[in-house]
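Structure first, then comments.
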Amino acid sequence: MWKKFLGKFLIYFFVIAFCLILLVGIYRIHKTKIVTATEPISPQTPNQGTTASSILSNKKIQNKRSSFNTAKTQITQTKQTQINTKQTSSLSSKKSTPVPSTSRVVTGPTYQIPWGNVTVQITVRDGKIIAVRTPNVPNSSPSRYAAPILVQQALQAGSANIQGVSGATYMSIGFKKSLEGAIAQAGL
Amino acid sequence: MEHVEHGVFHSMGIPIHTTFVDISKDKAEYYTQKAKSIFDIWDKRCSRFRKDSELFLLNEKRGQWYTVSQELFAVISDCVQLAEETGGLFDPSVGTYLAATGYGLPQKFSLPKYVATFRDIELDITRCRIRCYKDQILEPAGIVKGRAIDDAVHIFNDVSGWMLNAGGDIRTHGNFISGSDWHVAIQHPDKLDAIVAVISVHDQSVATSGTYQTTWNFHHELWQHQIDMRQGRPTAGLKSVSVVVNTAEEADIATSIALLYGLDRGQIFLKEKEIPYLMIDDLTIRHSSLSFDALEIGQ
């Protein structure tokens, strides 16, 4: 009888142990899942031209980069607080926000692409991402969120010192209500 | 004291705004009307949205030799050259995808099994004629508007300061009032009544290519007119690219190619040509060159 009891005990013991191990493993995977969801690609020879082979390798790199960007978006969504739209009636009142000393820079892995290396740096302050930078791209300023600036009223009043607005091709329909339309109307 | 005269007309389906410094109202109206006539000629020549255009007739005769004007021949020829330089990324054959998804003429056009590329375009320079592949539709987008702007502003010779804005592509000359440079704002891709930057330019052109303005639905999917010919799909990754170059045509081409290349390769392409740029990606993050930042005011 005790053999029967022992058998049942062993079965229950190993089933429970297996479940516990599985749960611990899932918890640890979830805990350690961070931005770098993809492995850095193997080094490739930099290619200056636009041959078919470079276009194909570029396609593979872009697929990996898109998953990197998706993970980067997750960090942006979890750590970034709501960014408020800046509203001003005059460009002269636009002020820049200095980066305080409590900010820290987080550097991601370096990815090799045909025309060099790309490393992403994120500057975080108080749990908010305030700047995203790719320092390997030469002669470029730190990337930042493109905050919209409202100038419609100033343009309609003729008080904004802007003579033209450049944008993706806009059609004649809706011109009167557009920014460029406001500039023309103020002048006509 | 200097005064400013404005003119507005519509051609090629877009609004065109002229600004002149220190000329009479009559002269401003004269130059504006002359510019309109030049734009109308280019529209009649290269529009894929009217059935009486030279381009439409060329596309109707696809598969056959068709004699065209020198101007249209030059446009297609230059497009083919750009396609060769970009490995087919920029390709005037993009009209095939655009027409097949319902954007522009011809109507009721189905995507063929084989989508011809720039390599299938035959150019006979001696007889000024073109033969494209059967079921190949040509669309020289990315070059025509800039070329029309440069053609039109030639008539503003004796005006000391002027600006011409054709649907978002701008060319300037001389100074605005009081000797100041021209201030050009860059439109925000998400909020069309907002801007992201203002730059100061002098004798330069500012052009923007974007994926946010021209969109349409095809089979329950949103398409925009910047097509990656290698994949036959709209591009992704960038919302807009703005550049500063001397002529409007150069600016038009630079933005088109940079946007097709995407964020990384596009930046390399523009840096190699030393063109100041501002890119806004799909996350609404701005990426700009130091040379563009140096032009910004109000930062």
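The values are calculated or read from the model by the stated rules, or taken from the named source; none is laboratory data. Please read all numbers here as calculations on a predicted model, not as lab measurements. Positions of Cβ are generated from backbone atoms using ideal geometry, with glycine treated the same way; all protein chains shown enter the neighbour counts. The protein model used for the area step is the full one, side chains on, heavy atoms only, and it has no ligands, DNA or RNA in it. Shrake-Rupley method; radii C 1.70, N 1.55, O 1.52, S 1.80 Å.
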*Which strands (runs of 3 or more DSSP E) sit wholly inside segment B:156-270 and have at least 3 residues that are open to solvent by 10 Å² or more (accessible area, probe 1.4 Å), free of Cβ contacts under 8 Å to residues at least 24 places away in the same chain and away from chain A (no Cβ under 11 Å)?*
none
*Could you list, in sequence order, all residues of segment B:274-284 that are more than 15 Å from B:GLY262 (Cβ to Cβ) and within 7 Å of chain A (Cβ to nearest Cβ)?*
B:THR284
*Might you check whether a residue that is in contact (Cβ under 8 Å) with a residue 40 or more places away in the chain and part of a strand (DSSP E or B) occurs anywhere in segment B:28-49?*
no
_Can you go through B:PHE90, B:PHE49, B:PHE56 and tell me which one is in contact with a Leu (Cβ under 7 Å, 6 or more places away or on another chain) and surrounded by fewer than 16 Cβ atoms within 10 Å (Cβ to Cβ)?_
B:PHE49
_Number of the exception - B:GLU54 against (1) in contact with a helix residue (DSSP H, G or I) (Cβ under 6 Å, 6 or more places away or on another chain); (2) within 14 Å of chain A (Cβ to nearest Cβ)_ = (2)
*asked:* For segment A:154-171, which positions are at pLDDT 90 or above and over 15 Å from B:ILE170 (Cβ atoms)?
replied: A:ASN161
*asked:* Being buried (at least 16 other Cβ atoms within 10 Å of the Cβ), touching a helix residue (DSSP H, G or I) at 6+ places or on another chain (Cβ under 9 Å) and closer than 29 Å to B:SER53 by Cβ is the filter here; which residues of segment B:20-40 pass it?
replied: B:TYR31, B:ALA35, B:LYS36, B:ILE38, B:PHE39
*Quick one: count up the residues across segment B:25-50 that are charged (D, E, K, R) and closer than 18 Å to B:CYS132 by Cα.*
2
*Kindly indicate whether B:LYS108 is on the phi < 0 side of the Ramachandran plot and open to solvent by 60 Å² or more (accessible area, probe 1.4 Å).*
no
*Exactly one of (1) within 11 Å of chain A (Cβ to nearest Cβ); (2) within 19 Å of the chain's Cα centre (by Cα); (3) surrounded by 23 or more Cβ atoms within 10 Å (Cβ to Cβ) is unmet by B:HIS287. Its number?*
(2)
*Working only within segment B:7-19, note down all residues that are at negative phi and buried (at least 19 other Cβ atoms within 10 Å of the Cβ).*
B:GLY7, B:VAL8, B:SER11, B:ILE14, B:PRO15, B:ILE16, B:HIS17, B:THR18, B:THR19
*Assess whether A:GLN121 counts as being surrounded by fewer than 19 Cβ atoms within 10 Å (Cβ to Cβ), out of contact with any His (no Cβ under 8 Å at 6 or more places or on another chain), at pLDDT below 75 and more than 25 Å from B:LYS145 (Cβ to Cβ).*
yes
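Matching residues to (1) crowded, with 23+ Cβ neighbours inside 10 Å; (2) free of Cβ contacts under 8 Å to residues at least 12 places away in the same chain; (3) at the interface with another protein chain (Cβ under 7 Å from one of its Cβ atoms):
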position: A:TYR145; (1), (2), (3): no, no, yes
position: A:GLY158; (1), (2), (3): no, no, no
position: A:VAL165; (1), (2), (3): yes, no, yes
position: A:THR169; (1), (2), (3): no, yes, yes
position: A:SER172; (1), (2), (3): no, yes, yes
position: A:LYS177; (1), (2), (3): no, yes, no
position: A:ALA182; (1), (2), (3): yes, no, no
position: A:GLN185; (1), (2), (3): no, no, no
position: A:LEU188; (1), (2), (3): no, yes, yes
*For B:GLU71, state whether it is touching a strand residue (DSSP E or B) at 6+ places or on another chain (Cβ under 9 Å) and more than 14 Å from chain A (Cβ to nearest Cβ).*
no
